[in-house]
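Read the structure below first, then the notes.
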Amino acid sequence: MESLLPCYAHWKGQVLTSQELHELYEGLKTNSVTKYDYVLTVCDPVMGDKRNGEGSMYVPQDLLPEYRNRVVPEADIITPNQFEAELLSGRKIHSQEEALEERRVMDLLHCMGPDTVVITSSDLPSPQGSDYLITLGSQRMRKTDGSTVTQCIRMEMYKVDAVFVGTGDLFTAMLLAWTHKHPDNLKVACEKTVSAMQHVLQRNSRCVKADAGEGQKPSPAQLELRMVQSKRDIEDPEIVVQATVL
């Protein structure tokens, strides 16, 4: 449970039961506020990650079938990291081809239900060096004749030397927003999402160094994203990371 929480020393709260969630929904329904274009969940899917080359799950192992069989099939867009994509598909990713080619990881994830899959981070090598992170995306679109076409993209972004709180939530929220603006162009949606992320993270890095002092360990509060200060970058980001259509 601690791995899912911000890096604060103390926290409060409880896990809601299905009945309690149902009661919340009934309250919304009573007030006629249950008509939404989208529902953004924090299950993107939050399952685990790799650290020092080794993968570990944040959630109990027995929840993996629930994600595969019940959660992911309900989603239109999923944003797993490489470790989570491997868990869901049951396939390891050692190369770009193993992620994107026919009947490989992306295809398996599409077959579960989502039309858009973005592997937000991977440990695949970048030609630009170890300071860069690879993001892979795949969007399955249905044509008027009923057939489908798939667009795949690759992005390389500069790593930020800090772990900020809320980056995953910001990424999924912006990808949803830019996919709404560009429903048939994953390249543009991802370019705007990742470029905005770069602007926000670079601003955070500068602020953290100024607030904590050079060489000093920042506090949890200092690692929170500067969302208000980044308003313009979020609304209209300058494209600083280009996507390659594969």
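The values are calculated or read from the model by the stated rules, or taken from the named source; none is laboratory data. Remember, it's a predicted structure, so these values are computed and weren't measured experimentally. Cβ placement follows ideal geometry from the backbone for every residue including glycine, while neighbour counts extend to all protein chains displayed.
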From the residues in segment 156-198 that are acidic (Asp, Glu) and not in a helix (DSSP H, G or I), which one is modelled with the lowest pLDDT?
161
Those residues that are closer than 12 Å to residue 154 by Cβ and either in a loop (DSSP other than H, G, I, E, B) or over 16 Å from the mean Cα position of the chain (by Cα) (or both), I need them from segment 129-142; list them, please.
132
Quick one: in segment 36-82, which of the residues that are touching a residue at least 60 places away in the same chain (Cβ under 8 Å) and within 17 Å of residue 176 (Cα to Cα) is surrounded by the fewest Cβ atoms within 10 Å (Cβ to Cβ)?
37
Residue satisfying all of: in segment 39-92; farther than 18 Å from residue 135 by Cβ and of a type in the set (S, T, N, Q); nearest to the chain's Cα centre (by Cα) among these
41
Could you pull out the residue among 146, 137 that is of a type outside the set (Phe, Trp, Tyr), touching a residue at least 60 places away in the same chain (Cβ under 8 Å) and either surrounded by fewer than 19 Cβ atoms within 10 Å (Cβ to Cβ) or not assigned by TED's automatic domain parsing to the domain that holds residue 207 (or both)?
137
Pair list, Cβ < 6 Å and 6+ apart or interchain, from segment 200-216 residues that are under 9 Å from residue 162 (Cβ atoms) and in the same structural domain as residue 226 (by TED's automatic domain parsing) to residues that are of a type in the set (Lys, Arg) and not in a helix (DSSP H, G or I)
204/226
How many residues does segment 26-83 hold that are among the acidic types (Asp, Glu) and within 22 Å of residue 115 (Cβ to Cβ)?
5
Output the residue which, of all residues in segment 100-134 that are over 19 Å from residue 184 (Cα atoms) and of a type in the set (D, E, K, R), is surrounded by the fewest Cβ atoms within 10 Å (Cβ to Cβ).
102
